[in-house]
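Only one structure is covered here, and it is reproduced in the block below.
The values are calculated or read from the model by the stated rules, or taken from the named source; none is laboratory data. Just so we're clear, the structure is a prediction, and the values are computed from it rather than from any experiment. Neighbour counts are summed over all protein chains in view; Cβ atoms, including those assigned to glycine, are modelled from backbone coordinates with ideal geometry.
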Amino acid sequence: MLWMVPGSHTVECGSVSMGGVGDSDTLGSSFWWAPKRVPGYSHPGGLHSQTQIGISRKKIQLGIEPWFSAYDSLMQEAQKNLGKAPQAIADFNVPGYYDDASGHRKAMGRLSEDAWVAYSCAIAYQLTDGKQKVKFANKAVQILMAWATTNTQTSNYDGDLAMSDAGTGLIFAAELMTDFKGWKRAQREVFKAWTLNVYLNSCAKIAKEPNNWGDWGNLGCMAAHYFLDDKEALNEDVMRVTKQIDDAIDADGSMPQEIKRGPRGLWYTYFSLAPITASCQIALNADSINLFDFKGQDGAGIEEALDYLLRYEKAPDTWPHYTEKDLRKGRPGLYPGNLFEAMSGIYGKPAYETWIQEARPIMVFGHHYAWALPTLLRPMPMAGKALP
């Protein structure tokens with residue numbers, strides 16, 4: 001399987017490093033790249049394993065709550081999304097939020113809205129039977145192919161971050177569509193080329209940043225490498241997650257890079273933990289590697305950071321890092337409730353469950369796509385191996 005890689009730019013993420021090669025007189029501005037032929041991953045997979053999808057499907061068939069209500073909420077969205085046209089654009093130009101909030105929202109909205117159409121319809125395809133199943137599948141493929149055939153680059157200050165966090169919805173949707181025979185092989189190759197050249201390129205640029213940018217970049221790398229069956233690169237992404245946990249989380253569970261963000265300190269703590277935990281889920285599903293219990297040199301890991309965040313979401317007036325009244329607070333039914341719904345499935349902690357249970361079913365979308373449907377596609381308890 002070969003993919004045409006246009007241009008002579010370089011992509012570096014995990015172990016993947018590609019730049020212009022060969023004699024320019026014979027190859028011109030393009031070259032061919034073929035991934036190493038190693039046994040691939042199980043597809044559909046990545047963030048949502050086939051076992052997880054099967055459990056949710058069975059719960060829905062039996063009418064078990066909260067899965068049944070969560071499914072109903074999804075189907076209402078997916079039905080509406082069937083009528084939406086793609087908004088793909090050649091240059092995904094996203095200005096910095098703090099420089100041009102209106103321009104940022106407008107530009108990012110094209111991708112985040114399309115990602116939700118594709119992702120919601122892809123999940124509906126996986127969980128639905130009957131005539132509607134193909135309609136949802138075709139809509140998801142339409143959105144994926146619109147971006148693959150139209151979008152060629154990202155630009156401006158927030159372009160790479162927005163592509164990484166909103167674009168995860170497209171990659172997750174593509175993963176869910178891997179068993180749809182109506183998505184023809186030639187189309188898939190075009191989408192894979194876009195994933196490599198545009199999406200993964202953006203993720204790679206920010207994957208090593210020390211804050212939430214790096215967390216989203218690395219999640220994007222992991223989702224893309226799983227989809228592309230690049231095991232060597234994904235293994236290096238996994239090691240980067242351990243560095244992120246070690247560097248980002250202090251002994252008390254606080255995240256110094258995020259808590260310093262003034263009135264948005266709580267939000268940015270969530271916005272960092274969401275992609276880190278989603279990365280851990282991909283590692284668990286890919287190779288049964290349990291990073292949810294990984295501890296950094298200070299003895300703290302994800303669970304300590306989650307406990308720290310929940311303590312202050314429940315009592316925001318006690319948040320010690322910012323004391324003004326405009327502190328941005330979360331909600332059980334929105335952010336970071338989606339994160340704690342997902343993590344209640346992983347850790348089984350009553351404190352997480354108690355905080356969000358009245359808000360179920362939880363479904364959040366429109367910005368980024370780590371844990372958009374944690375009630376419907378609830379993660380399963382950890383059953384993996386620790387890193388040596």
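Consider GLY265 carefully, then state whether it is part of a loop (DSSP other than H, G, I, E, B) and farther than 22 Å from PHE172 by Cα.
Here the answer is no, as GLY265 does not meet what is asked.
Would you mind finding the one in TYR322, TYR312 that is part of a loop (DSSP other than H, G, I, E, B), farther than 24 Å from ASP165 by Cα and of a type in the set (Ser, Thr, Tyr)?
Values: TYR312 fails: part of a loop (DSSP other than H, G, I, E, B).
Result: TYR322 is the single residue among TYR322, TYR312 that is part of a loop (DSSP other than H, G, I, E, B), farther than 24 Å from ASP165 by Cα and of a type in the set (Ser, Thr, Tyr).
Between a residue in the range 235-254 that is under 15 Å from GLY217 (Cα atoms) and any residue that is part of a loop (DSSP other than H, G, I, E, B) and hydroxyl-bearing (Ser, Thr, Tyr), which pairs come within a Cβ distance under 7 Å, given they are 6 or more apart or on different chains?
GLU236/SER15
Just checking, which of LYS192, LYS208 is at pLDDT 95 or above, outside any loop (DSSP other than H, G, I, E, B) and charged (D, E, K, R)?
Of the residues listed, the single one that is at pLDDT 95 or above, outside any loop (DSSP other than H, G, I, E, B) and charged (D, E, K, R) is LYS192.
Would you check if ASP307 is at pLDDT below 95 and acidic (Asp, Glu)? Break it down into steps so the answer makes sense when it comes.
Working: at pLDDT below 95: no; acidic (Asp, Glu): yes.
Considered against the rule, which asks whether it is at pLDDT below 95 and acidic (Asp, Glu), ASP307 comes out as no.
Given (1) surrounded by fewer than 13 Cβ atoms within 10 Å (Cβ to Cβ); (2) more than 19 Å from PRO379 (Cα to Cα), identify the lone condition not met by LEU327.
In the conditions (1) surrounded by fewer than 13 Cβ atoms within 10 Å (Cβ to Cβ); (2) more than 19 Å from PRO379 (Cα to Cα), LEU327 misses (1) alone.
Return only the number of the condition from (1) among the aromatic types (Phe, Trp, Tyr); (2) closer than 23 Å to GLU77 by Cβ; (3) free of Cβ contacts under 8 Å to residues at least 60 places away in the same chain; (4) in contact with a His (Cβ under 9 Å, 6 or more places away or on another chain) that PHE136 does not satisfy.
Of (1) among the aromatic types (Phe, Trp, Tyr); (2) closer than 23 Å to GLU77 by Cβ; (3) free of Cβ contacts under 8 Å to residues at least 60 places away in the same chain; (4) in contact with a His (Cβ under 9 Å, 6 or more places away or on another chain), only one is false for PHE136: (4).
All but one of (1) within 14 Å of LEU196 (Cβ to Cβ); (2) surrounded by 23 or more Cβ atoms within 10 Å (Cβ to Cβ) hold for GLN153; state the number of the condition that does not hold.
(2)
Look through the range 80-90, keep the residues that are surrounded by 14 or more Cβ atoms within 10 Å (Cβ to Cβ) and not polar (S, T, N, Q), and return whichever of them is farthest from TYR157 (Cα to Cα).
Applying the first criterion (surrounded by 14 or more Cβ atoms within 10 Å (Cβ to Cβ)) to the range 80-90 yields 81-82, 84, 86-89.
Then drop every residue that is not not polar (S, T, N, Q), which leaves 82, 84, 86, 88-89.
Details: LEU82: 32, LYS84: 28, PRO86: 24, ALA88: 19, ILE89: 17 Å.
This residue is LEU82.
The conditions are (1) more than 30 Å from TYR97 (Cα to Cα); (2) of a type in the set (Lys, Arg); (3) out of contact with any strand residue (DSSP E or B) (no Cβ under 9 Å at 6 or more places or on another chain), and LYS295 fails exactly one of them. Which is it?
For LYS295, the exception is condition (3).
Where residues in the range 44-103 are touching a helix residue (DSSP H, G or I) at 6+ places or on another chain (Cβ under 7 Å) and aromatic (Phe, Trp, Tyr), which of them is farthest from THR168 (Cα to Cα)?
By that ranking, first place goes to PHE68.
Please go through the range 295-307 and pick out each residue that is touching a Gly at 6+ places or on another chain (Cβ under 6 Å) and buried (at least 18 other Cβ atoms within 10 Å of the Cβ).
Listed by number, the residues that qualify are ALA300, GLU304, ALA305.
Would you check if there is a residue in the range 55-69 being at positive phi and modelled with pLDDT of 95 or more?
Of the range 55-69, the ones at positive phi are 63.
Those still in the list that are modelled with pLDDT of 95 or more too: 63.
Yes, that holds for at least one residue.
Could you list, in sequence order, the residues of the range 110-133 that are of a type outside the set (D, E, K, R) and without any contact (Cβ under 8 Å) to a residue 60 or more places away in the chain?
Quick first cut of the range 110-133, residues of a type outside the set (D, E, K, R) only: 111-112, 115-128, 130, 132.
LEU111, VAL117, ALA118, CYS121, ALA122, ALA124, TYR125, THR128, GLY130, GLN132 - these are the residues of the range 110-133 that are of a type outside the set (D, E, K, R) and without any contact (Cβ under 8 Å) to a residue 60 or more places away in the chain.
Could you give every pair whose Cβ atoms fall below 8 Å, whose first residue belongs to the range 148-165 and is modelled with pLDDT of 95 or more, and whose second residue is of a type in the set (Lys, Arg) and surrounded by fewer than 24 Cβ atoms within 10 Å (Cβ to Cβ), counting only separations of at least 6 or pairs across chains?
ASP160/LYS205
Consider the range 125-178. How many of its residues are more than 18 Å from the chain's Cα centre (by Cα), part of a helix (DSSP H, G or I) and among the aromatic types (Phe, Trp, Tyr)?
2
Determine, yes or no, whether ILE282 is closer than 30 Å to PHE68 by Cβ, of a type in the set (Val, Ile, Thr), crowded, with 18+ Cβ neighbours inside 10 Å and under 22 Å from the mean Cα position of the chain (by Cα).
Values: closer than 30 Å to PHE68 by Cβ: yes; of a type in the set (Val, Ile, Thr): yes; crowded, with 18+ Cβ neighbours inside 10 Å: yes; under 22 Å from the mean Cα position of the chain (by Cα): yes.
So ILE282 fits the description; yes.
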